[in-house]
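Written below as structure tokens is the structure these notes are about.
The values are calculated or read from the model by the stated rules, or taken from the named source; none is laboratory data. Source: prediction; values computed, not measured. A quick note on method: Cβ atoms are made from the backbone with ideal geometry, for glycine too, and the neighbour counts reach across all protein chains shown.
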């Protein structure tokens, strides 16, 4: 009696696609998936952050540098257009503070801003925003 072995379709460890050809112990559908998978494993072992964390950190750092550069005094008024022109991204911040009047100050570390009338932005510095 002959035992017939029916091959079970295997999935790529990286992308999940079915592996259609190659050795029976093949784990990846192609070299790009193998390299990508191994790079992810190395990053996790070293405690590195995923790409989206690096991207957000870069945006926050860029925003911080812009605010710090423009706010030469403790309080400065600039236009929203000026911030946009320098590549400031209003979607990313590290904290916010709501005053008793209901004004919302947005902070990127110790550098903050408050949107005021006519597309103007008040830049402020608040060292206690970085205290933990």
Neighbours by Cβ (under 7 Å, 6+ apart or cross-chain): first from the stretch 52-78, without any contact (Cβ under 8 Å) to a residue 24 or more places away in the chain and at negative phi; second buried (at least 16 other Cβ atoms within 10 Å of the Cβ) and in a helix (DSSP H, G or I): 66/83
Residue in the stretch 54-77 that is over 20 Å from residue 125 (Cα atoms) and assigned by TED's automatic domain parsing to the domain that holds residue 124 present: no
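Results for (1) in a helix (DSSP H, G or I); (2) surrounded by 10 or more Cβ atoms within 10 Å (Cβ to Cβ); (3) assigned by TED's automatic domain parsing to the domain that holds residue 94, shown as yes or no for each residue.
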residue: 22; (1), (2), (3): no, yes, no
residue: 29; (1), (2), (3): no, yes, no
residue: 34; (1), (2), (3): yes, yes, no
residue: 52; (1), (2), (3): yes, no, no
Filter pass, residue 93 being surrounded by 12 or more Cβ atoms within 10 Å (Cβ to Cβ), free of Cβ contacts under 8 Å to residues at least 40 places away in the same chain and in contact with a helix residue (DSSP H, G or I) (Cβ under 8 Å, 6 or more places away or on another chain): yes
